[in-house]
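Written out below as structure tokens is the structure these notes cover.
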């Protein structure tokens, strides 16, 4: 028995020795790449801030600016709270908390998701010494090694001071001094117990638990932290209850006039997801975006001024929610997003409606239906479809009876005219012929990624999409079939000027030019003489193509349109999906609510610029046709329209059967009387 025990201890000692040697080897290997610790931890707090620039060179945001203070100037109410929630064994460990790590592993395993982190305050501080794109196991080991060095070099108070000065609390606040000022208008040393607990809950979720925008969640988190402080012995149960019942004294959030916040907020969140929060906020980066400062300013002015004019005309409502807006401007040749308005006021709501796909596009989705019919059925802008009352049978559901706006019907009408008048019945008939699946495939090729319902009503835009998607899709039409994926960042440089990232774009020809140009010409007709003709009445004279969209009960108003260089999508509506009705009981349409914003914006963007026409590809011809027959117009045509079609398409008039007078007396039919020459 004894030899077995000795053998066991020998093996155990061997494993320990091997692990020690391996660990030492890993340390020697990785330590060569570890950053040099500063002599003073305050140097971490003074690291270079990240700067964000527009495409025209304006610095539009600085991240990571802090106001470091001494630990003596920080209220114990905050320090005890942050230790309780982030690292309860802070004063007992040497950089790695084995108990906390095991507890976090157990909690996460039980919840089957990450609900608790195992990193110590020292480990979190060490992350700010790693300004790289590494997000792997090796980096975690390096962070641990640095944490051990920090613990061996500095006191617990110095580490806690540095940590309190560098963490992010949301609302642009870096460090506890700035957070105390922004949320409560006071110094960090004067924080109450409830205020300290609330701030301690923000670094873990600075956006979702922000008290300015989600007070209930912020207070719930503060209550949890107060409970933890009782468990850790920092306060009594009576002190916890007294704090819970005390006044928070939260300030009203400052109104921001910065028009770039929706755009900047999106790219920051995207970069944080891709590369980590510490790297983005504290890496001393220079981020060069696609944002055009002038376009962005013009977009916000156009949106807000028209919203205010509309609201003055709106009927009284029980809800006091403001009318909202979204606008996206995409540069056609590259896909660069030059302007983005995500709502009326970022200070009141950070929800970015320009990126959200929860609103229905209505008739502005119809171009995808028409193009599918042209591609799959060989239809052209001169193809005739009968606009009439129709009932479409749907297996397993009630029959669908699409209605036109105003419930009027045009009879026989060519596709171009049908799109110009936005006839719902014609779009529904086309959908019935090609099927929803084919239309969805077409929309995907335009870059629409949102979920689309495979049903006939999709013909009328009954699945949600985002303004960003619509702007990018309409740019494909302006580009004669070339798709450029929309993007926001041109390049990123580190604090030494080394280029870390650069965007390269290469358009993909998704549709043949001869197929897409006739659709473009049809959409030019919408602007020149269709549902968006108000654009011309407002004095916008640049070549343009687009489509209005208005959903049932006037809940959504859209105008998506493009010039040669810019595709712009505009949406207007209420967040709670209320109908938009004016004082005279009229609903707000895309032509009235959204199109004017599009005009006000692009009128200024293109001010002083030449009127640039859309190029006409080879193999396209223009013909004037009869609106009811689709054939070349003649002296009998009551209404005509100029269409763009493929050169090989024959639009010659159908042969006319001559009227023959009835003969007097007995009738004798000649076999050649109604014969028609074959070449007609």
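Looking only at strands (runs of 3 or more DSSP E) that lie completely in region 337-419, which have at least 2 residues being in contact with a helix residue (DSSP H, G or I) (Cβ under 7 Å, 6 or more places away or on another chain)?
Of the strands (runs of 3 or more DSSP E) lying wholly inside region 337-419, those with at least 2 residues that are in contact with a helix residue (DSSP H, G or I) (Cβ under 7 Å, 6 or more places away or on another chain) span 337-341, 384-387.
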Residue match in region 343-354 (condition: in contact with a strand residue (DSSP E or B) (Cβ under 8 Å, 6 or more places away or on another chain), surrounded by 22 or more Cβ atoms within 10 Å (Cβ to Cβ) and over 20 Å from residue 60 (Cα atoms)): yes
Extreme residue, modelled with the lowest pLDDT, among residues of region 507-532 that are within 27 Å of the chain's Cα centre (by Cα) and farther than 26 Å from residue 596 by Cα: 507
Residues within region 582-600 that are touching a residue at least 60 places away in the same chain (Cβ under 8 Å), crowded, with 17+ Cβ neighbours inside 10 Å and more than 12 Å from residue 535 (Cβ to Cβ), tallied: 2
Residue check for residue 548: in contact (Cβ under 8 Å) with a residue 12 or more places away in the chain, in contact with a helix residue (DSSP H, G or I) (Cβ under 8 Å, 6 or more places away or on another chain) and assigned to a loop (DSSP other than H, G, I, E, B): no
Residue match in region 270-291 (condition: within 17 Å of residue 568 (Cα to Cα), outside the structural domain of residue 217 (by TED's automatic domain parsing) and modelled with pLDDT of 90 or more): yes
Test for residue 334: is it within 18 Å of residue 503 (Cβ to Cβ), over 16 Å from the mean Cα position of the chain (by Cα), crowded, with 16+ Cβ neighbours inside 10 Å and in the same structural domain as residue 595 (by TED's automatic domain parsing): yes
Selected residue (only one of 504, 483 is at pLDDT below 95 and surrounded by fewer than 23 Cβ atoms within 10 Å (Cβ to Cβ)): 504
Failed criterion for residue 80 (all others in (1) at positive phi; (2) at pLDDT 90 or above hold): (1)
Unique match (being in contact with a helix residue (DSSP H, G or I) (Cβ under 7 Å, 6 or more places away or on another chain) and either over 19 Å from residue 417 (Cβ atoms) or at pLDDT 95 or above (or both)) among 645, 625, 656: 645
Restricting region 357-389 to residues that are modelled with pLDDT under 95 and under 19 Å from the mean Cα position of the chain (by Cα), the residue that is surrounded by the fewest Cβ atoms within 10 Å (Cβ to Cβ): 358
Filter result (over 27 Å from residue 359 (Cβ atoms) and touching a helix residue (DSSP H, G or I) at 6+ places or on another chain (Cβ under 8 Å)) within region 529-541: 529, 539
Scan of region 534-544 for residues that are crowded, with 17+ Cβ neighbours inside 10 Å and either part of a loop (DSSP other than H, G, I, E, B) or outside the structural domain of residue 561 (by TED's automatic domain parsing) (or both), ordered by number: 540, 542, 544
Residue 449 without any contact (Cβ under 8 Å) to a residue 24 or more places away in the chain, more than 13 Å from residue 368 (Cα to Cα) and in contact with a helix residue (DSSP H, G or I) (Cβ under 7 Å, 6 or more places away or on another chain): yes
Helices (runs of 4 or more DSSP H) lying entirely in region 142-218 (those with 2 or more residues that are in contact with a strand residue (DSSP E or B) (Cβ under 9 Å, 6 or more places away or on another chain)): 156-166
Check on residue 433, assigned to a helix (DSSP H, G or I), under 30 Å from residue 410 (Cβ atoms) and touching a helix residue (DSSP H, G or I) at 6+ places or on another chain (Cβ under 8 Å): yes
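The values are calculated or read from the model by the stated rules, or taken from the named source; none is laboratory data. Nothing here was measured: the structure is a model prediction, and the numbers come from that model. Heads up, the Cβs are rebuilt from the backbone with ideal geometry, glycines too, and the neighbour counts pull from every protein chain shown.
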